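K.L.:
Handing you this structure, nothing more for now.
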Amino acid sequence: MTDFSNRDMSGTRFRMVRLARSTFRDVDFFGSVMRGVYLVDTDINGEISNLTINGVDVAPLIEAELDRRDPRRALMRPTTPEGFVTAWETVTEMWEPTVARARTLDPELLHERVDDEWSFIETLRHLLFATDAWILRGVQGSAAPWHPLDLPWDGMEPTPGVPWDREARPSLPEVLELRRDRMATVRAVIGTLTPESLAASTPPGVGPGWPSEGDSYPVSDCLLTVLNEEWCHRLYAERDLDALETRGRPAA
């Protein structure tokens, strides 16, 4: 298998090319055009909008179906302070049985990856980073809120001062203690929201980090980003726990 990693292939034309059994991970398809393709037994997971298949914009159909499958998903798009309180309470409650499942496994399994996705521990570490980035740095204006166990997304360029330890193997209790602290911080921020503060913008980023130095975002966008991270990564964790539980069962 040929490996194309960290390359800019924008504008590339593929014609009469076989891509069967290929894997695309963290790939940008903005503005791509596909004609005469065969998408059979294909699994696509990602942020989808303005996707037209055979003349039909399927993104709204996908969104509606996902909301139908779990009505709590619609709560993750709040527009009022009260809506954010409800959304955070909901996502916090949803994580409880997921963590309970993880506690039943051999601790070593929580460091194992399924299909090269993050391990359960790595997933929690990434959520620490997301909270530190968008709440502590973004909303609260802290220049360097990072904990050494914070885990940025794989495609982020190494940034001075931002943790980048891919080899750390903290225990579940250690990571959960940090999670409790960060989730309490988010709860406190959301609990003090007013319509005015929700509509405001964050202070510009100070020094190197993420969000980038000088960047400012609507407070609502920062909070929505954290909600989306929590929602999506819990689903990924549940999916992978299914596989890990199978690995942990003794052979018949």
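K.L.:
Tell me, what HN-Hα J-couplings in whole Hz come from the Karplus equation 6.51 cos²θ - 1.76 cosθ + 1.60 at θ = phi - 60° for each residue of the stretch 92-102, using x for Gly and Pro?
P.N.:
Once rounded to whole Hz, the list reads 5, 5, 5, 6, 4, x, 5, 5, 4, 4, 5.
K.L.:
List the relative contact order of the chain as a percent without decimals, with contacts defined as Cα pairs under 8 Å and 6+ residues apart.
P.N.:
Details: 232 pairs, mean separation 53.5, N = 252.
Relative contact order for the chain comes out at 21 percent.
K.L.:
Using only alpha carbon pairs under 8 Å that are at least six residues apart, calculate the relative contact order of the stretch 148-252 and give it in whole percent. Could you put the intermediate results ahead of the total?
P.N.:
Numbers: 53 pairs, mean separation 18.3, N = 105.
Over the stretch 148-252, the number comes to 17 percent.
K.L.:
Then there is this: Would you please classify the overall shape of the stretch 124-184 from the alpha carbon gyration tensor, given that a ≥ b ≥ c denote the square roots of the eigenvalues, rounded means a/c under 1.5, and beyond that prolate means a/b larger than b/c while oblate covers the rest?
P.N.:
Working: a/c = 2.01, a/b = 1.07, b/c = 1.88.
The shape class here is oblate.
K.L.:
Top mean-square fluctuation among F29, F129, F120, Gaussian network model of the chain, C-alpha springs under 10 Å?
P.N.:
Result for the chain, Cα springs under 10 Å: F29 fluctuates most.
K.L.:
Apply 1/(1 + (r/R0)^6) to the Cβ-Cβ distance of T246 and S197, taking R0 = 45 Å, and write down the FRET efficiency to the nearest 0.05.
P.N.:
Working: r = 46 Å, r/R0 = 1.03.
FRET efficiency, T246 to S197: 0.45.
K.L.:
A follow-up question, please. Name the residue from W231, P170, A87 whose Cα lies farthest towards the positive end of the charge dipole of the stretch 77-248, charges +1 on Cβ of Lys and Arg and -1 on Cβ of Asp and Glu.
P.N.:
So the residue we want is A87.
K.L.:
Please compute, over every Cα-Cα pair in the stretch 80-167, the percentage with a separation greater than 16 angstrom. List each step's numbers first, then the result.
P.N.:
On the way: 2458 of 3828 pairs.
Looking at the stretch 80-167, the distances longer than 16 Å represent 64 percent of pairs.
K.L.:
Taking +1 at the Cβ of each Lys and Arg and -1 at the Cβ of each Asp and Glu, which of L241, L193, G207 sits farthest along the dipole of the stretch 77-248 towards its positive end, judged by Cα position relative to the Cα centre?
P.N.:
L193
K.L.:
Now for a different question. Given S119, L19, L136, which one lies farthest toward the positive end of the charge dipole of the chain, if we put +1 on the Cβ of every Lys and Arg and -1 on the Cβ of every Asp and Glu?
P.N.:
Of S119, L19, L136, it is L19.
K.L.:
Kirkwood hydrodynamic radius for the chain: how many Å is it when counted over pairs of different Cα atoms? Present the calculation step by step, with values, prior to reporting the outcome.
P.N.:
Values: mean 1/r = 0.0489 Å⁻¹.
After inverting the mean inverse Cα-Cα distance, the result is 20.5 Å.
K.L.:
Do the sum for the chain: with -39,500 (n - 2.57) for every DSSP H run of n ≥ 4, divided by all residues, what is the mean residue ellipticity at 222 nm, to the nearest 500 deg cm²/dmol?
P.N.:
-13500 deg cm²/dmol
K.L.:
Here's a follow-up. Please build a GNM for the chain, connecting alpha carbons under 10 Å apart, and tell me which residue among V33, V175, V114 fluctuates the most.
P.N.:
Highest fluctuation among the options: V33.
K.L.:
Taking the Cα centre as origin and putting +1 on Lys and Arg beta-carbons and -1 on Asp and Glu beta-carbons, what dipole magnitude results for the chain, to the nearest 20 debye?
P.N.:
480 debye
K.L.:
How many percent of the alpha carbon pairs in the stretch 155-234 exceed a separation of 16 Å?
P.N.:
On the way: 2146 of 3160 pairs.
Roughly 68 percent, once rounded to a whole number.
Just so you know, all these numbers are worked out from the coordinates, no wet-lab data involved. Quick caveat: nothing in here was measured; it's all calculated off a predicted structure. Here Cβ is always computed from backbone atoms with ideal geometry, including for glycine, and neighbour counts include all displayed protein chains.
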